[in-house]
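These notes are about the structure you will find just below.
The values are calculated or read from the model by the stated rules, or taken from the named source; none is laboratory data. Keep in mind that what you see is a predicted model, and the values were worked out from it rather than measured. All Cβ positions, glycine included, derive from the backbone under ideal geometry; neighbour counts span all protein chains shown.
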């Protein structure tokens, strides 16, 4: 059996690959949180609708059909049924073309499948519909990085931070984006910010910065 050659960690190419895969892992770990936030937002919407009707004649309150397909998409994602999730989100979009949550969900699934071009189009649409959608800009930035569009990634990640001050995940992703182009100075600036925002994430980041040396 042929021996396996050790990986040379000081190779610039290898460091870039390591950072890239950390970014992918970071991205995948974000997906569950993103969907949880979406579910909470939609549940709150219907709870508010119910409170507004509390003094009226009792009625059966149901999400509209687009929201029903949206929840089907979430459920299928949780089960790992990627194609079914895609179909459900697309059905929601057909019914309600400006449904930013469904476009965002579609982007998450495409990202999970590493269909980055399709994910990019979905996230672009989500932030086009909702320009102040911080999570949308975060995911758009990460997707740009996956495709090698570093300048666009930095711009999107900075936008996410501008919308949501102290957005730890966006600072972390921005630092990784800088590391991908060997801009250690800028990455360290993000680390400095992250230390006061999310010390645990900052510790992960400084290890990545040290690895890139």
Within segment 88-126, count every residue that is closer than 18 Å to residue 174 by Cβ and surrounded by fewer than 23 Cβ atoms within 10 Å (Cβ to Cβ). 1
Within segment 74-129, track down each residue that is closer than 17 Å to residue 146 by Cα and outside any helix (DSSP H, G or I). 113, 114, 115
Checking residue 142 against (1) under 27 Å from residue 69 (Cα atoms); (2) free of Cβ contacts under 8 Å to residues at least 60 places away in the same chain; (3) assigned to a helix (DSSP H, G or I), only one condition comes out false. Which one? (2)
Among the residues that make up segment 159-171, is at least one of them at pLDDT below 95 and out of contact with any helix residue (DSSP H, G or I) (no Cβ under 8 Å at 6 or more places or on another chain)? yes
Looking only at segment 150-166, and only at residues there that are without any contact (Cβ under 8 Å) to a residue 12 or more places away in the chain and in a helix (DSSP H, G or I), the one that is farthest from residue 209 (Cα to Cα): 162
How about segment 69-87: which of its residues are surrounded by fewer than 19 Cβ atoms within 10 Å (Cβ to Cβ) and touching a residue at least 24 places away in the same chain (Cβ under 8 Å)? 71, 78, 82
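Do we find that residue 179 is farther than 21 Å from residue 92 by Cα, in contact with a helix residue (DSSP H, G or I) (Cβ under 7 Å, 6 or more places away or on another chain) and surrounded by 22 or more Cβ atoms within 10 Å (Cβ to Cβ) in this structure?
Against the criterion (farther than 21 Å from residue 92 by Cα, in contact with a helix residue (DSSP H, G or I) (Cβ under 7 Å, 6 or more places away or on another chain) and surrounded by 22 or more Cβ atoms within 10 Å (Cβ to Cβ)), residue 179 qualifies.
The rows are residues; the columns are (1) farther than 30 Å from residue 83 by Cβ; (2) without any contact (Cβ under 8 Å) to a residue 60 or more places away in the chain.
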residue: 117; (1), (2): no, yes
residue: 122; (1), (2): no, yes
residue: 127; (1), (2): no, yes
residue: 138; (1), (2): no, no
residue: 148; (1), (2): no, yes
residue: 168; (1), (2): yes, yes
residue: 181; (1), (2): yes, yes
residue: 184; (1), (2): yes, yes
Within segment 186-201, the residues that are assigned to a helix (DSSP H, G or I) and either in contact with a helix residue (DSSP H, G or I) (Cβ under 7 Å, 6 or more places away or on another chain) or crowded, with 18+ Cβ neighbours inside 10 Å (or both) are 186, 187, 188, 190, 191, 193, 194, 195, 197, 201
Of the conditions (1) within 22 Å of residue 115 (Cα to Cα); (2) more than 16 Å from the chain's Cα centre (by Cα), the single one that residue 155 does not satisfy is (2)
Run down 174, 179 and say which single residue is at pLDDT below 90 and either over 23 Å from residue 98 (Cβ atoms) or in a helix (DSSP H, G or I) (or both). 179
